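Have a look at the structure below, then the notes.
The values are calculated or read from the model by the stated rules, or taken from the named source; none is laboratory data. Please read all numbers here as calculations on a predicted model, not as lab measurements. Positions of Cβ are backbone-derived with ideal geometry, glycine not excepted, and every protein chain shown enters the neighbour counts. SASA here: full protein model, heavy atoms, side chains in, ligands and nucleic acids out. Shrake-Rupley method; radii C 1.70, N 1.55, O 1.52, S 1.80 Å.
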Amino acid sequence: MASRLLGLPKVQVALKGMLLLGLGIFLLTRFTTGTLNFYISSRFDWLTVAAIMGLLVVAGSYRYLLREDEEGSAGPDDSVAEGAGGGGPAAGEDDHDHSHRLGWSGLVLISLPIVLGILVPPRPLGVAALQNREISAGALDSVLPAAVRSSRVQESSERTILDWVLAFHEGERPAETDTADVIGFVYLDDASEEGQFTLTRFVVGCCAADAMAVGLPVNLAAGLPSEEELAEGQWVRVVGQFTTPAGSALPVLMAEQLETVPEPNQPYLYP
Amino acid sequence: MSQTSPLPQAVAERIGSRWFGRPRWGVAAFLVFALVVVLASSLNTPQARFFATERFQTFVTIFLSLFIEAAPFLLAGSIVSGIIAVYVNQDMVERYIPDHPLLAALAGAGLGFVFPVCECGVVPVTRRLYGKGLPLPVGIAFLLAAPVINPVVIFSTYAAFGWGPVLWGRVAFSMLVAFTVGLIFHLARPREILLPETLTGASSSDHCDDHSHDHDHDHDHDHDHDHDHSHDHDHSHDHSSAQPRVWQALAMAGDDFLDMGRFLIAGALLAAMMQTVVPQSTLLAIGQGPIVSVFVMMATAFVLSVCSTVDAFIALAFSGAFTTGSLFGFLVFGPMVDIKSSLLFLGVFRRRTVLYLILLPMALVAVIGVFWNVQVGV
């Protein structure tokens, strides 16, 4: 019965139109609520805008088909043959003949982004994503895109975690006067020493699927909350200067100020 | 067609009609089941439960990011496909595509410059062109080469690696592999390779009973395959002039998008699952040798399923630790075949063909990568 209903040409046309419209509206909500960049690099925002418009226009084109069906109602060998084929009892077999027929599984799959998007509140990648990622947090020997280098900010207080990590990777060592002012989330690395945590951010080239983590080791000065008081994943702003401890090749950020900040609208850094 | 068949036709047909349809409940149920098992297996302690929800959140974010990133490209490919459906007829395809198999495969490998589409957009375009009678080798070569052989991807590779062996090697080897695989498929018959619905509307000499039905908008032409081809693909709603052709093209684009979208979404689900569950470092820790590293990077590319427009930047992250040959594994094999695109292939080809389309490029790229590591060693 259900598959018969789904097989009706008019239902098919209406469903397809609705699905496309739904996907368009889903993307639109992500765009208007500013959560789009939890998923993709802001460089590609315009693509999503184009896709929203495209989906709405394509969805609109189905209205023509619907209207045609009502008016023309009918090329006798048209909708009749279709109705018999698509809605017949042997619908399972017929699936293979109607390449564009939308079955129940197709319906479920296509609506999955919308359903998951509604049920699961949008959140950027966080600590959990670090668990099984190639973590270049702290370990600076990971190579990052060459294209990045040109776009690096030189003013020390404006540098992001990525800028610092790249600079260190290239062999640059911070001057005494360099003051870092960086935002990231707290990651308590198992390997880190006492009074230390890794200030981390994700670098996204295209979408969250290609995210890489970069991080700076941060030492907490006396008077600041200890790393145990900091919740993992908490976004913080750290101001301080770098020192290179004896025996370590990598500079450590000595936090002089530390304050919790809300999650930024652009949670990722872009190369 | 004068092509000979390597497969017993009756067998291929029987299997094809039975099992080699499109994924339906089976795949959907499998995905859900696998997800539940994976999540349930790590729910022993409250902390594990917390991490399970966190991981699920990560999974959803990666899934949606893959979908949101790929959707515009798939839509663009679908719209091109819809325009081809309405405005391009079989004569044009036959006129511009060379007959000779070598030239045809070569043309297919270079077609990406004409239709600059990435790995998601290329699939609906290829499917539509097959419906217009595109020879098998051309389509296969196009499908495999286009994600790399197009201006955008070549530029992003240049941006990441500059002029050097990685850039020209990527382009040359992609052409080579696509050309070779396309040529191999010259030996096969379209109806053994393609899904019946892909073939619908193919030339009358190829006509078989499989396409006695066509899709929703196209079905009143099944019986007149002998008339002038330029009318072969007219839309069934043509009889009413009220609907401009552009709307037909768009509605067909919508059909294509939903058709292919299922595979994209299934692929994004799988890729997101793998990314959430399999630690990247596991793969990378396995092997560094000249041979193993190639396979490891190919596996990484398959699992990550990132778009070919940015994979050069990902490869760069590995370039310090990995051999150049293994980078070719990542940069040549990845755009051709990954979880996402092999699921998309299922919407065009029979399942056995999809297997060939995964294994043949894999074997060729592995040979190239290992050869490079052993002989050239840069």
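Out of the residues in region A:230-271 meeting the condition of being part of a loop (DSSP other than H, G, I, E, B) and aliphatic (A, V, I, L, M), tell me which one is surrounded by the fewest Cβ atoms within 10 Å (Cβ to Cβ). Please lay out each step first, then the result.
From region A:230-271, those part of a loop (DSSP other than H, G, I, E, B) are A:230-234, A:244-251, A:261-268, A:270-271; that's our starting set.
Retained after the next criterion (residues that are aliphatic (A, V, I, L, M)): A:230-231, A:246, A:249-250, A:261.
Working: A:Leu230: 19, A:Ala231: 12, A:Ala246: 5, A:Ala249: 9, A:Leu250: 17, A:Val261: 13.
Among them, the one singled out is A:Ala246.
Among B:Ser341, B:Ser326, which is the only one that is of a type outside the set (Asp, Glu), crowded, with 22+ Cβ neighbours inside 10 Å, at pLDDT below 90 and out of contact with any Ser or Thr (no Cβ under 7 Å at 6 or more places or on another chain)? Can you show your working first?
Numbers: B:Ser326 fails: out of contact with any Ser or Thr (no Cβ under 7 Å at 6 or more places or on another chain).
Step by step, each of B:Ser341, B:Ser326 is checked, and only B:Ser341 is of a type outside the set (Asp, Glu), crowded, with 22+ Cβ neighbours inside 10 Å, at pLDDT below 90 and out of contact with any Ser or Thr (no Cβ under 7 Å at 6 or more places or on another chain).
So, B:Ala48, is that one more than 8 Å from chain A (Cβ to nearest Cβ) and at pLDDT 60 or above or not?
yes
Taking B:Ala366 and the conditions (1) outside any helix (DSSP H, G or I); (2) modelled with pLDDT of 90 or more, which numbered condition does it fall short on, given that it satisfies the others?
With respect to (1) outside any helix (DSSP H, G or I); (2) modelled with pLDDT of 90 or more, B:Ala366 is out only on (1).
Can you find, within region A:37-86, the residue that is surrounded by the fewest Cβ atoms within 10 Å (Cβ to Cβ) among those that are assigned to a helix (DSSP H, G or I), at pLDDT 85 or above and of a type in the set (Val, Ile, Thr)?
Of everything passing the filter in region A:37-86, A:Val49 is surrounded by the fewest Cβ atoms within 10 Å (Cβ to Cβ).
Looking at A:Gly22, A:Gly17, A:Gly34 in this structure, which one is touching a residue at least 12 places away in the same chain (Cβ under 8 Å), outside any helix (DSSP H, G or I) and more than 7 Å from chain B (Cβ to nearest Cβ)?
Numbers: A:Gly22 fails: outside any helix (DSSP H, G or I); A:Gly17 fails: outside any helix (DSSP H, G or I).
Criteria check complete, one pass: A:Gly34.
Looking at this structure, is B:Arg170 buried (at least 22 other Cβ atoms within 10 Å of the Cβ), modelled with pLDDT under 85, of a type outside the set (Phe, Trp, Tyr) and over 17 Å from the mean Cα position of the chain (by Cα)? If you could, list the steps in order and put the result at the bottom.
Details: buried (at least 22 other Cβ atoms within 10 Å of the Cβ): yes; modelled with pLDDT under 85: no; of a type outside the set (Phe, Trp, Tyr): yes; over 17 Å from the mean Cα position of the chain (by Cα): yes.
Criteria not met by B:Arg170.
Going through region B:60-74 one residue at a time, which ones are open to solvent by 10 Å² or more (accessible area, probe 1.4 Å) and modelled with pLDDT of 90 or more?
Correct list: empty.
Quick check on my filter: what residues within region B:327-357 are closer than 16 Å to B:Val294 by Cβ, part of a helix (DSSP H, G or I) and in contact with a Phe, Trp or Tyr (Cβ under 8 Å, 6 or more places away or on another chain)?
B:Leu327, B:Phe328, B:Gly329, B:Phe330, B:Val332, B:Phe333, B:Gly334
Yes/no matrix, rows are residues, columns are (1) touching a helix residue (DSSP H, G or I) at 6+ places or on another chain (Cβ under 7 Å); (2) surrounded by 24 or more Cβ atoms within 10 Å (Cβ to Cβ):
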residue: B:Val114; (1), (2): no, no
residue: B:Glu119; (1), (2): yes, yes
residue: B:Arg127; (1), (2): yes, yes
residue: B:Tyr130; (1), (2): yes, yes
residue: B:Gly139; (1), (2): yes, yes
residue: B:Phe142; (1), (2): yes, yes
residue: B:Ala145; (1), (2): yes, yes
residue: B:Val152; (1), (2): no, no
residue: B:Ser156; (1), (2): yes, no
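Here are A:Arg201, A:Arg237: which of them is touching a residue at least 12 places away in the same chain (Cβ under 8 Å) and closer than 30 Å to B:Ala301 by Cβ? Talk me through it step by step, then tell me what you get.
Values: A:Arg237 fails: closer than 30 Å to B:Ala301 by Cβ.
Selected residue: A:Arg201, the only one of A:Arg201, A:Arg237 that is touching a residue at least 12 places away in the same chain (Cβ under 8 Å) and closer than 30 Å to B:Ala301 by Cβ.
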